[in-house]
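Please treat every number below as a calculation from the coordinates, not as lab data. None of the values given here were measured: they were computed from a predicted structure. Cβ coordinates were reconstructed from backbone atoms using ideal geometry, including for glycine residues, and neighbour counts include every protein chain displayed.
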Amino acid sequence: MRAFLIIALLFLFTQTKAQQNNINSIKASYDPDAIAELYDRIPLGLVFRYENGQTRKTEGYLQGVYRWKNIKISSSNGSVQNGYLLVNRQQLASQQFIVELTISVPESATPITTKLELPHLTGIRFNHYADSLKRGFRFYLNVEGTFTSGKVYPLDTATIKFETDAGKLLGQDLLLNSNDGTTRSITVTAVNKNDPGMSVSSTIPVKQLSDQ
C-alpha cells in the first residue's frame, strides 16, 4: 500500500511538472499609464500561457503572482531589472521600436523569445502660446508629438533640434534682441533627432506696435 502511494505521488508530480513545462507562448506588454512614449524606464508585464489553458501573470503592474526574481531576461535593447525595461531610445529608432526579449523560467528547459513594440512618434507640430514674438523677451517654442499610441505629449530638446533664420536659440526659447528693428518674422524649424526626415516649420510674426 505504501509503495503504491509513493508511485501515485511520483506520477502526480511528474504529470504536474510536465504540464508546467509546456508553455505555449509568452506575451509581453508595457504599462500604458507609464508614459512609455517619453520615459526610458518602463514597467513591463509578462503573461505565460500553458498548453493546459492556464495563464500566469507577473507581479507589478499586471498584479499577477509570478515573481520577477524567478525570471531571467536578456533584451535586444537596454536591460530588464525587477520588472522594468530600461531602453536606449536612440537605438530603438534603428530597431523600428521593437524590443526582442529572451526569457528563461524554471518551468521551461529552453529560453523563450517574444517581442514588444513600444510607442513612437508619428508626427510633430508647433502649438504656440502666443500669436507673435516680442523683441527682448523669450518666446517658448512649444512642440507637441503625436504617437502610435494615439497620445499627444509636449517634446523638449532631448527629442527635438531647433533651427531658426533669425534671433537666437536659448535651449527651447527664441530671443530677438530689443534693438533689432528690421526683422518682421522668424521662421523656426523643429526636427526629430531620431528621425531627421520628420520636421515641421512655423513662421512667427514679430510684434511691431509698442505696448503703450
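The table for this structure:
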read-out	value
Selection from TYR129, THR110, PRO43, by position along the positive dipole direction of the chain (Cβ)	THR110
Amide H contacts of TYR84 (H built 1.01 Å from N, under 5 Å, at least 5 apart or other chain)	LEU44
About the Cα centre, charge dipole magnitude for the chain (Lys/Arg +1, Asp/Glu -1 at Cβ), debye	620 debye
For VAL206, distant residues with modelled amide H under 5 Å away	LEU133, SER185, ILE186
Mean residue ellipticity (222 nm) of the chain, computed from DSSP H runs ≥ 4 via -39,500 (n - 2.57), nearest 500	-4000 deg cm²/dmol
Straight-distance crosslink candidates among lysines, where the alpha carbon sits under 27 Å from LYS161 and sequence neighbours closer than 8 are dropped	LYS134, LYS151, LYS193, LYS207
Overall form of the chain per C-alpha gyration tensor (a/c, 1.5; a/b vs b/c)	prolate
